[in-house]
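Working notes, beginning with the structure itself.
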Amino acid sequence: MSDRRFGRMSATEEAAHWHLLQREGALSATDQQRFMDWLVASPDHLREYLAMARVTAELGEALRTLPADAETDALIAGRPADHANIIPLGRTRAIEHPPARATRRTWLPRAAAAATLLLAVTTGWQAVSPSPRHYLAPHGEPRVFALDDGTVLHLNAESEASVSLGLFHRRVALTRGQASFVVAPGRRPFTVRAAGMEVRDIGTTFDVSLQRDQARFGVTEGRIHVVDEDGAGRLLADLQAGQAARIAQADRRVHISQEDSDVLTAWWDRRVVFRDEPLRDIADRFNRMNRVRLHVDDNVAGALRLTGNLQANDLASLRAFLDEQPSLATTADAREIRVRSRHVLVPGAY
């Protein structure tokens with residue numbers, strides 16, 4: 001079958017055409033492959049094909065429950081008795097009926113074949129593209145999940161991800177927060193989408209963190225590729241163990257640095273390790289873990305870059321660390337720690 005037949009056909013028309021060919025058994029091995037390629041090319045194709053099969057099945061059921069020759073009997077009964085072209089059917093009905101039953105017997109195997117195909121397509125589609133499972137870690141509670149393929153998912157507090165493990169793929173979407181992946185070996189590719197980018201695993205353990213205006217990707221074992229446009233664009237970073245890339249969400253500027261593995265995974269042990277990072281990002285990481293909030297009053301203080309290693313819930317040490325910074329001033333109450341730049345008389349918007 002030439003693919004040109006579908007040049008101007010809608011998905012519904014294509015579904016009807018494929019369904020007719022399937023019922024007639026008119027597909028070669030090559031056409032069967034083309035049919036499967038068409039079927040999985042779009043969810044709309046599968047939806048239309050299943051709808052076509054359902055309508056056909058319902059029509060067949062209606063025909064099976066219809067009394068034999070009911071329309072013919074009604075037509076004959078409604079005609080005038082003196083028409084010369086009316087032939088009595090009393091003796092010929094036994095001859096007329098078998099073809100009708102034979103037609104139904106011929107149709108039934110086709111209906112069974114269509115039902116079997118429908119079941120196979122539905123089951124196959126569920127295996128190829130199963131519904132994703134959602135994982136959530138609430139405020140202050142990092143969590144660890146074992147995925148069905150053996151991969152271990154570390155999900156930081158205030159983070160959310162969805163996972164789809166299909167017959168030919170392993171896909172994760174990180175919608176907010178931070179996650180680390182200890183990827184189980186397997187032939188199926190493992191990918192993570194975050195901030196419009198796609199991470200392609202090459203046998204590794206890696207970390208993905210969504211921050212205010214950038215995404216950070218770090219590798220503790222193995223290697224990853226970070227590709228733009230959800231995997232359809234250019235290669236942004238090729239990272240090996242001990243490397244991290246910070247990629248701006250606005251313009252995709254890439255900054256690659258060397259990172260110790262213990263820094264990338266410190267949050268697994270509820271530690272906040274920061275190396276030359278702006279205070280505003282450090283505050284976000286502490287605020288994931290604590291009810292007492294760290295609030296930065298001005299942009300000058302928020303942009304100050306700091307280095308440290310603190311327990312995530314040790315707010316007393318955090319306050320002491322901030323008080324040691326000569327350019328910062330802090331105040332605190334039961335609900336928050338406020339920090340501002342000493343050089344800003346009137347706090348600006350943060």
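In region 297-312, the residues that are farther than 15 Å from Ser327 by Cβ reach residues that are among the β-branched types (Val, Ile, Thr) and crowded, with 18+ Cβ neighbours inside 10 Å with C-beta atoms within less than 6 angstrom, at least six apart or across chains, in these pairs: Asn309/Val273; Leu310/Val272; Ala312/Val272. Of the residues making up region 165-180, those that are open to solvent by less than 20 Å² (accessible area, probe 1.4 Å), modelled with pLDDT of 95 or more and of a type in the set (Gly, Ala, Ser) number 3.
Where strands (runs of 3 or more DSSP E) fall wholly inside region 181-234, the ranges with 3 or more residues that are surrounded by 21 or more Cβ atoms within 10 Å (Cβ to Cβ) are 190-194, 197-201, 205-210, 214-221. Among the numbered conditions (1) in contact (Cβ under 8 Å) with a residue 40 or more places away in the chain; (2) open to solvent by 10 Å² or more (accessible area, probe 1.4 Å), the only one that Ala137 does not meet is (2). Considering region 155-164, and only residues there that are of a type outside the set (A, V, I, L, M) and in a loop (DSSP other than H, G, I, E, B), the residue that is surrounded by the most Cβ atoms within 10 Å (Cβ to Cβ) turns out to be Asn156.
Going by the structure shown, is Val339 modelled with pLDDT of 95 or more and either among the aliphatic types (A, V, I, L, M) or in contact with a Cys (Cβ under 9 Å, 6 or more places away or on another chain) (or both)? Yes; evaluated as a whole, the condition is true for this residue.
The values are calculated or read from the model by the stated rules, or taken from the named source; none is laboratory data. Please read all numbers here as calculations on a predicted model, not as lab measurements. All Cβ positions, glycine included, derive from the backbone under ideal geometry; neighbour counts span all protein chains shown. Heads up: the accessible areas ignore ligands, DNA and RNA and are worked out on the full protein's heavy atoms, side chains in. Shrake-Rupley method; radii C 1.70, N 1.55, O 1.52, S 1.80 Å.
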